[in-house]
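Peer 1: First the structure, then my questions, so here it is.
Readers should treat all values here as calculations from the given coordinates under stated rules, not as data from a laboratory. Nothing here was measured: the structure is a model prediction, and the numbers come from that model. Here the Cβ positions follow ideal geometry from the backbone for every residue, glycine too, while neighbour counts run over all protein chains shown.
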Amino acid sequence: MRVTVLDDYQGVVPRLMATKTLDGIPVSLQTLTERIADEDALIEALRDTDCLVLIRERTQITARIVEALPRLKLIVQTGRLSGCIDLDACRRRGVDVRDGTGNPIAPTELTWALILGASRRLLPYAERLSQGVWQRSRARIEDEGLGRTLHGRTLGVWSFGKIGSRVAAIGRAFGMRVVVHGRDQSREAAVKAGYEFIADRRLFLAQLDVLTLHLRLGPETRHMIGIDDLATMRPDALLVNTSRAELLAPGALLDALDRGRPGTAALDVFEEEPDGAAPYLNHPAILCTPHLGFVEQDTYEAYFDEAFAHVRRFVEGSRPGSGTEV
């Protein structure tokens, strides 16, 4: 059986220890390192694939793709299932779909890397230093400014789940005032953990030095944060999004930054990645990273150990004489 991994941008999957999970079963592993945006080209690349492994939601698996691949028997998504697979088409074609579990540790750490990096202006300082310019973050001295510390400032955590609760705990360790906003479940968990909960959205946003988003994307949360919400933020506030770009209304953040509220942003997620990042790149008020929240060694090992275990169980269950029908 041919097992294909899509969108392995760093080409690291074949070198993971997790590949040993496939030892001893009749499969060949293929990894594609370049994103194939054209659907016809993707269908052609997957023509001989029996088991497809997705790295999160980097590629949409549409009904047309599923129906065009007669050999396809299994799709495994690393992490939790999202909306990137047409499940109805898979049911019609008898394609089995499996997913894994999430990992809040790596996204939490990246969130804080962005908060610290943006607050202390690390990237522009480092870039200017590489050009031989000492302690400058802007080309024109008239545009120069200073970074700032976090101790004593107010951190707003929007949604108090597995990631949000960890982000809040680190903010508390930095000596920040931590306030939480979200639904009833967030309220209960935050109050139980000893955090202040602010139910009024505008009141919450208006008092923050740093806002970090950790909401799940769904019909109720898609595009829920608009320009009017952002306009209530302070002109020196920082917005950090390592969750989902679609939480913000299209164009709202760029419009808000141009109006001066909030003052800066740090983003790890974009709509229609990777091309959707283009409008945000090189913006003087935005620190951008290429969706690195889960992209690190330990998370990849965990994701692919689980994904390849799904493949192994499927292959062993489909062997003649196994006693299992698939």
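Peer 1: More than 34 angstrom separation, counting every C-alpha pair in the chain; what % is that?
Peer 2: Here the long-distance tail beyond 34 Å is 33 percent of all Cα pairs in the chain.
Peer 1: With θ taken as phi - 60° and the coefficients 6.51, -1.76 and 1.60, list the Karplus ³J(HN,Hα) couplings across region 52-65 in order, rounded to whole Hz; mark glycine and proline as x.
Peer 2: Here the 3J(HN,Hα) series is 10, 10, 9, 8, 6, 10, 5, 10, 7, 9, 7, 4, 4, 5 Hz.
Peer 1: How long is the gain from Val191 to Gln207 if the chain were fully straight, where each residue apart is worth 0.36 nm and the alpha carbon distance is subtracted?
Peer 2: Here the segment from Val191 to Gln207 would lengthen by 3.9 nm.
Peer 1: On to the next question. Which net charge results when you count Lys and Arg as +1 and Asp and Glu as -1 among the other residues whose beta-carbon is under 15 Å from that of Ala278?
Peer 2: -3
Peer 1: Under the rule of at least 5 residues apart or a separate chain, name every residue whose amide H is placed under 5 Å from the amide H of Val5.
Peer 2: Under 5 Å from the amide H of Val5: Gln30, Thr31, Leu32, Val53.
Peer 1: Output the DSSP H helices from the chain with an along-axis C-alpha extent of no less than 18 Å and a mean Kyte-Doolittle hydropathy no less than 0.0.
Peer 2: 105-119
Peer 1: Another question, then. At Ala139 and Arg92, where each label point lies 7 Å from the Cα along Cα→Cβ, what is the point-to-point distance in nanometres?
Peer 2: With each label placed 7 Å out from Cα toward Cβ, I get 5.3 nm.
Peer 1: So, one more: Of Ile43, Ile115, how do they rank once you tally other Cβ atoms within 10 Å and put the fewest first?
Peer 2: By the 10 Å Cβ count, ascending: Ile43, Ile115.
Peer 1: Now, a different point. Taking the Cα atoms of region 105-288, report the difference between the largest and smallest coordinate on each principal axis, in whole Å and largest first.
Peer 2: Ordered largest first, region 105-288 gives principal extents of 51, 35, 29 Å.
Peer 1: If the cut-off is a Cα-Cα distance under 28 Å, which lysines reach Lys20, setting aside same-chain residues fewer than 8 apart in sequence?
Peer 2: In chain and number order, the partners are Lys73.
Peer 1: Something else: To one decimal place, what Kirkwood hydrodynamic radius in Å is obtained for region 142-217 from all pairs of distinct Cα atoms?
Peer 2: Every distinct Cα pair counted, the radius reaches 12.7 Å.
Peer 1: Can you give me the convex hull volume of the Cα atoms of region 176-226, divided per residue and expressed in Å³?
Peer 2: 91
Peer 1: Would you order His291, His181 from fewest to most other beta-carbon atoms within 10 Å of each residue's own beta-carbon?
Peer 2: Listed from fewest to most nearby Cβ atoms, that is His291, His181.
Peer 1: Also: State the Cα centre-to-centre distance between region 190-225 and region 149-167 in whole Å.
Peer 2: So the separation of the two Cα centres works out to 10 Å.
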